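The values are calculated or read from the model by the stated rules, or taken from the named source; none is laboratory data. Small disclaimer: the values here were computed from a predicted structure and weren't measured. Reconstructed Cβ throughout: ideal geometry from the backbone, glycine too, with neighbour counts over all protein chains shown. Just so you know, the surface numbers come from the protein's heavy atoms only, side chains and all, with ligands and any DNA or RNA stripped out. Shrake-Rupley method; radii C 1.70, N 1.55, O 1.52, S 1.80 Å.
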Amino acid sequence: MNPDSSAPTLAHARDIRRRNIFADVQCAFWKEEPSLRDALFLFDPDTIKNVYVVPNFISEGYFTQTVIPRELELSGKVTRRADGQIWNYGEPVGNHSLMTDLLVQRAREIAPDVPENETSLLIVAHGTDLNENSAVAAKREAEKIRRLGRYANVLNIYMEEFPLVSDWQTLTSTPNVVVVPFFISDGLHSYEDIPVMLGIAEQRSTRLRQSASPARTYGAARHPSERAAIFRSQPYRIDDRLLFYASSIGTDPRIADIIVEQATALAHE
């Protein structure tokens, strides 16, 4: 539904490829080509003996624990193929310790001049009652940033469970609020849904699409120029308060560093 969803992953792969660390670097997707099933045939077993699989996901969950292992025919952390190839399965990028630093840096980049002791930092995740892990990663990162003692308030908030994104004005009281989406890519959630919930964009109604929750519907996708404007129109003034809205953390180029570290960690296990 969103052509931008794979863009960060492809960009990180190009970056890693340029570093010449690995013999080959490829991507595979669940809803795009090449598919996860195609990945089984991406590497020639005569020249590639080890394959390191790094899920570009924010948290453990259904896809990292069920879908990817099933589609890639993985039997565990280490899978030995009949052709002699060894596939090593790592943790999602969202589990890496560097993620905390990236979130803090993204918050400073979007609001470099506001006093942190007068600012609330909101880490936004999807949240769902279908898998509690969807919210765990955001809660963990918010707690780690809170312990740094830099911001007046640090909260993990969600689209589909409490505390809700739409309640940000009652959840915070500081004059400045910085919102960082804890997502892998900028898509309909970050371009459309979260801005509507924050009150910085109007709800669209020309097209409906289903979410994981059948009761919820969403508006039409915005034109690329409108999507870019969501992040350019900073800050937003709402009731004498300033709100700063960042792009999704997964678009940070330094995610490539995390992917490399996750892969090299597999090589040394």
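All told, THR79 falls short of being within 28 Å of SER248 (Cα to Cα) and without any contact (Cβ under 8 Å) to a residue 24 or more places away in the chain. Tallying residues that are at pLDDT below 90, open to solvent by 40 Å² or more (accessible area, probe 1.4 Å) and within 29 Å of LEU98 (Cβ to Cβ) within segment 229-269 yields 6.
With respect to the conditions (1) farther than 22 Å from HIS126 by Cβ; (2) surrounded by 14 or more Cβ atoms within 10 Å (Cβ to Cβ); (3) in contact with a Pro (Cβ under 8 Å, 6 or more places away or on another chain), THR64 lacks only one, and its number is (1). Is it the case that segment 28-36 has a residue that's in contact with an Asp or Glu (Cβ under 9 Å, 6 or more places away or on another chain), within 28 Å of VAL180 (Cα to Cα) and part of a loop (DSSP other than H, G, I, E, B)? Scanning segment 28-36 turns up at least one residue that is in contact with an Asp or Glu (Cβ under 9 Å, 6 or more places away or on another chain), within 28 Å of VAL180 (Cα to Cα) and part of a loop (DSSP other than H, G, I, E, B).
Going through segment 1-50 one residue at a time, which ones are hydroxyl-bearing (Ser, Thr, Tyr) and open to solvent by 80 Å² or more (accessible area, probe 1.4 Å)?
At the first step, the residues of segment 1-50 found to be hydroxyl-bearing (Ser, Thr, Tyr) are 5-6, 9, 35, 47.
The one that is hydroxyl-bearing (Ser, Thr, Tyr) and open to solvent by 80 Å² or more (accessible area, probe 1.4 Å): THR47.
When LEU36 is tested against the conditions (1) within 18 Å of VAL260 (Cα to Cα); (2) in contact with a helix residue (DSSP H, G or I) (Cβ under 7 Å, 6 or more places away or on another chain), the lone failure is (1).
Buried (at least 20 other Cβ atoms within 10 Å of the Cβ), over 16 Å from SER248 (Cβ atoms) and free of Cβ contacts under 8 Å to residues at least 40 places away in the same chain: is that true of ALA152 in this structure? Explain how you work it out, then say what you get.
On the way: buried (at least 20 other Cβ atoms within 10 Å of the Cβ): no; over 16 Å from SER248 (Cβ atoms): yes; free of Cβ contacts under 8 Å to residues at least 40 places away in the same chain: yes.
Against the criterion (buried (at least 20 other Cβ atoms within 10 Å of the Cβ), over 16 Å from SER248 (Cβ atoms) and free of Cβ contacts under 8 Å to residues at least 40 places away in the same chain), ALA152 does not qualify.
Residues that are closer than 30 Å to GLN169 by Cβ number at least 2 in none of the strands (runs of 3 or more DSSP E) confined to segment 45-120.
If you take the residues of segment 89-107 that are charged (D, E, K, R) and open to solvent by 60 Å² or more (accessible area, probe 1.4 Å), which of them is modelled with the highest pLDDT?
Residues of segment 89-107 that are charged (D, E, K, R), as a first pass: 91, 101, 106.
Next, from what is left, pick out any that are open to solvent by 60 Å² or more (accessible area, probe 1.4 Å): 91, 101.
Details: GLU91: 94, ASP101: 97.
Checking each candidate, the answer is ASP101.
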